[in-house]
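What follows is a short report on a single structure.
The values are calculated or read from the model by the stated rules, or taken from the named source; none is laboratory data. Quantities reported herein were computed from a predicted structural model and do not represent experimental measurements. Because the Cβ atoms are built from the backbone with ideal geometry, glycine has one as well, and the counts that use them run over all protein chains shown. Heads up: the accessible areas ignore ligands, DNA and RNA and are worked out on the full protein's heavy atoms, side chains in. Shrake-Rupley method; radii C 1.70, N 1.55, O 1.52, S 1.80 Å.
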Amino acid sequence: MLQVVCIKQVPDTETRVKVAGDGRTLDPTGVTWVMNPFDEFAVEGALQVKEKAGAGEVVVISLGGAGVQTTLRNSLAMGADRAIHLKNDTAAPDSLAVAKALAAAIRELNPQLVWLGKSASDDDAAQVGPMLSELLGLPCVTVAASFALEGTVAKVEREIEGGREQIEVPLPAVITCDKGLNQPRYPSLKGIMAAKKKTIEERAIDLGAAHVELVALELPPARAAGRIVGEGAAAVPELVRALREDAKVI
Amino acid sequence: MARATRTDFYDFDSLLTEEEIAIRDAVGDWVDERFLPLVEKAYDDAYFPTEVIPELAEMGLFGATLPEKYGCAGVGPVAYGLTMQELERGDSGLRSFASVQGALCMYPIFEYGSEEQRTKWLPRMAKGEVIGCFGLTEPDFGSDPGGMITRAKKVDGGYVLNGAKMWITNGTVADLAIVWAKLFDEAKGRESIAGFLVEKGTKGYSAPEQKRKHSLRASVTSELVLQDVFVPEGNRLPEGNGLKAPLGCLTQARFGIAFGVVGAAMACFESSVAYSKNRVMFGKPIGGFQLVQAELAKMHTEIIKAQLLALQCGRMKERGVCKPEHVSMAKRNNCEIALEIARRARDIHGANGITSEYPIMRHMNNLESVKTYEGTHNIHTLVLGENITGIAAYRG
């Protein structure tokens, strides 16, 4: 059984991002790039299915500049079999363009399962998974919290308000993964050495005209300094007044 | 995935291969996410958190340099060194666990053992199913192991061992002890050191834990007691003859220490940088004072130098030109600077430096041991002295 995992490379969540001079993209200097944390659950999910079946192939796909190969290599080190790199340097391509490019590459692979993170930690759009499933004409379960395969039916659970929703979906299907779906493995030393010999197939792609234009990117305003309203019990009335009238939090 | 800030002021990474960087970062992530949350309690309560053993094995951290056919990862010395660095950034006790399992137990079985011994033990040790320990040091023989009193006597079908070992990491938890003992060598007509595999549960063999340590508290340290212990012929290391055999293992382990202590120093340095930028005294962060900046500058410089020394030692190892005295220089220097950095870091952290809220005093106390074990600082000084002058100071 062939499975595909779509991976996005994002700035490390601990990176202090800066907006570039154009006011529309991130300044890449000093940014550490990592696999989107939700995609780690997707890779692990696919690897577990393959290991349980004792056979199959896991193909990872990522779209982006030359740098994404480090992240693809990392997923190969975790245990994926081969990678496809859709080469494109567009700084922040829109979700539909990405979904179309992925769909074109995935269609010819004819996978039984397509895995993605539920969203990317950088833009948090959560659109590519559902769009991709639509383009591929496959059912999609988003934000999967648990996953079990029984024959050709996937049993998926989703966290919903006050409970869990249980869904059964026939394969082939698209699954987007929530945190907690599994415990993503660390690449082993052997896995890292083996990844060196696995192939990353490069394909230059054209995304076509953008459907959405990113107009501006701004950092949240810096937090203003605090104010000391006084000391001891005497300060309490002023503190209460400030919290109620100025901050409007009580 | 959280990732610790790496100390890479001198573009050290440009000297590494992609795989070496990937290996270091994978182990580093594991240490940050899985080990650091456990270590303070383990250190306080003086135990090794055994739950990490399967995870260490899964990542391939036991005997990482040994060949794949024995279930090992087969990585090069620099990649191995970087794993030691990351483990010791967690705790010297964690690095010691992996050092002992790999360099001191799996390595001698690989290097001095029979093919049968290799296939019997190495795959299970790589999986962490069999834990090993290394018994060379004795209560009265540390720097002078050649004076050991533990004896092996040839008997029908094997050997009988008598004696005692001390300061043995993992002794109490080990399933297999590599014990070095003096045996009368018929060919040489005198006693010579030989290596034996003593299995847990063998009659007359016990390994009581040494308690009340103020250092390496998240690591098990033991005595090994051998009273008329019978070891079958098949459990003698056929090629492990003479003092050079155990010393060969120690050269492996010391190489790992030269890298490892850089990790402990990095942890102290990174904590010091963060602390000195946040701690405000006299109206500004203490990092703004010249005395603190001077300390940070010295710490940083020594870490960069130590990294490069360890790395070159590894590159020489790859080419097969690294001699024990090269390892002595790296072990001696890097332990000394790491301990000094930990002490300076304690100073920068003020009173907070003595608490378990910061890793400083734990690393500092650990490094006191690391400076002494695997060849004391002074002995390595004399190894270097002998190399320079051609005159051995520690021989009559």
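Here are the numbers for the structure shown:
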read-out	value
Residue count, segment A:175-204 (criterion: out of contact with any Ser or Thr (no Cβ under 9 Å at 6 or more places or on another chain), part of a loop (DSSP other than H, G, I, E, B), of a type outside the set (D, E, K, R) and surrounded by 16 or more Cβ atoms within 10 Å (Cβ to Cβ))	3
Condition broken by B:V75, with the remaining ones in (1) assigned to a helix (DSSP H, G or I); (2) open to solvent by less than 20 Å² (accessible area, probe 1.4 Å); (3) within 14 Å of chain A (Cβ to nearest Cβ) satisfied	(1)
Filter result (among the aliphatic types (A, V, I, L, M) and either out of contact with any Asp or Glu (no Cβ under 6 Å at 6 or more places or on another chain) or open to solvent by 50 Å² or more (accessible area, probe 1.4 Å) (or both)) within segment B:22-40	B:A22, B:I23, B:A26, B:L36, B:L38
Number of positions in segment B:175-200 that are among the acidic types (D, E) and open to solvent by less than 10 Å² (accessible area, probe 1.4 Å)	0
Close pairs from segment A:229-250: first in a helix (DSSP H, G or I), partner at pLDDT below 90, Cβ under 6 Å, at least 6 apart	A:A235/A:V229; A:E238/A:V229; A:E238/A:G230; A:L239/A:V229; A:A242/A:V229; A:L243/A:V249; A:L243/A:I250; A:R244/A:I250
Selection from segment B:381-396 of residues that are touching an Asp or Glu at 6+ places or on another chain (Cβ under 9 Å) and either under 12 Å from B:M329 (Cβ atoms) or not hydrophobic (A, V, I, L, M, F, W, C) (or both)	B:V383, B:L384, B:E386, B:N387, B:Y394, B:R395
Of the criteria (1) within 20 Å of B:M84 (Cβ to Cβ); (2) without any contact (Cβ under 8 Å) to a residue 12 or more places away in the chain, which one B:H326 fails	(2)
Number of the condition not met by A:S121 [criteria: (1) touching a Pro at 6+ places or on another chain (Cβ under 9 Å); (2) more than 14 Å from chain B (Cβ to nearest Cβ); (3) assigned to a loop (DSSP other than H, G, I, E, B)]	(2)
Residue selected from segment A:74-120 under the condition charged (D, E, K, R) and farther than 30 Å from B:M59 by Cβ, by the criterion surrounded by the fewest Cβ atoms within 10 Å (Cβ to Cβ)	A:E108
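The rows are residues; the columns are (1) part of a helix (DSSP H, G or I); (2) polar (S, T, N, Q); (3) in contact with a helix residue (DSSP H, G or I) (Cβ under 6 Å, 6 or more places away or on another chain); (4) modelled with pLDDT under 95.
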{"residue": "B:F269", "(1), (2), (3), (4)": "yes, no, yes, no"}
{"residue": "B:S276", "(1), (2), (3), (4)": "yes, yes, yes, no"}
{"residue": "B:A294", "(1), (2), (3), (4)": "yes, no, no, no"}
{"residue": "B:H300", "(1), (2), (3), (4)": "yes, no, no, no"}
{"residue": "B:I303", "(1), (2), (3), (4)": "yes, no, yes, no"}
{"residue": "B:L308", "(1), (2), (3), (4)": "yes, no, no, no"}
{"residue": "B:R315", "(1), (2), (3), (4)": "yes, no, no, no"}
{"residue": "B:V321", "(1), (2), (3), (4)": "no, no, no, no"}
{"residue": "B:C335", "(1), (2), (3), (4)": "yes, no, yes, no"}
